[in-house]
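The values are calculated or read from the model by the stated rules, or taken from the named source; none is laboratory data. Only a predicted model underlies this, so the values are computations on that prediction, with no experimental measurement involved. Heads up, the Cβs are rebuilt from the backbone with ideal geometry, glycines too, and the neighbour counts pull from every protein chain shown. For accessibility, only protein heavy atoms count, side chains too; no ligands or nucleic acids. Shrake-Rupley method; radii C 1.70, N 1.55, O 1.52, S 1.80 Å.
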Amino acid sequence: FENLYDQAHSDFFKRLKIDHPLLTPSDLRLCAYLRMNLSSKEIAPLLNITVRGVEERRYRLRKRLDLRSDQNLTELIMTY
C-alpha cells in the first residue's frame, strides 16, 4: 500500500516521516486516507473500526502533529 501510494502521490510518506518521525504505521495510513479527502464515515470500513474510532485516531494524530485547535488536520495533510 505504502509503495504504491508513494508512487502515485510523489513520496508523500517519505516527506511526512521526515517531518514527523514519531508517526506510527496506522497514523500514516490514516494520513493517506485523509490526503484522499475521505470522511470519517468512509475511512471507518477501510480501517475496520467504528466512525468514533476514526475520530479518536484523528484526535491522537492531531496531538502527535502538535496542531493548534484552529488548524485543520486535513488541510495540513494536503500540503504534503
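A few comments on the model shown:
- Matching residues, segment 45-59, being touching a residue at least 24 places away in the same chain (Cβ under 8 Å) and basic (Lys, Arg): Arg57, Arg58
- The one condition in (1) open to solvent by 70 Å² or more (accessible area, probe 1.4 Å); (2) farther than 26 Å from Ser10 by Cβ that Asp66 fails to fulfil: (2)
- Residue that is farthest from Pro21 (Cα to Cα) [pool: residues in segment 70-80 that are assigned to a loop (DSSP other than H, G, I, E, B) and either without any contact (Cβ under 8 Å) to a residue 40 or more places away in the chain or open to solvent by 50 Å² or more (accessible area, probe 1.4 Å) (or both)]: Asp70
- Members of segment 26-56 that are within 21 Å of Lys14 (Cα to Cα) and not hydrophobic (A, V, I, L, M, F, W, C): Ser26, Asp27, Arg29, Tyr33, Arg35, Asn37
- Among residues that are over 21 Å from His20 (Cβ atoms), out of contact with any Leu (no Cβ under 9 Å at 6 or more places or on another chain), open to solvent by 50 Å² or more (accessible area, probe 1.4 Å) and of a type outside the set (A, V, I, L, M), Glu42 is included.
- For the criterion of being part of a helix (DSSP H, G or I), open to solvent by less than 20 Å² (accessible area, probe 1.4 Å) and modelled with pLDDT under 90, Tyr5 passes.
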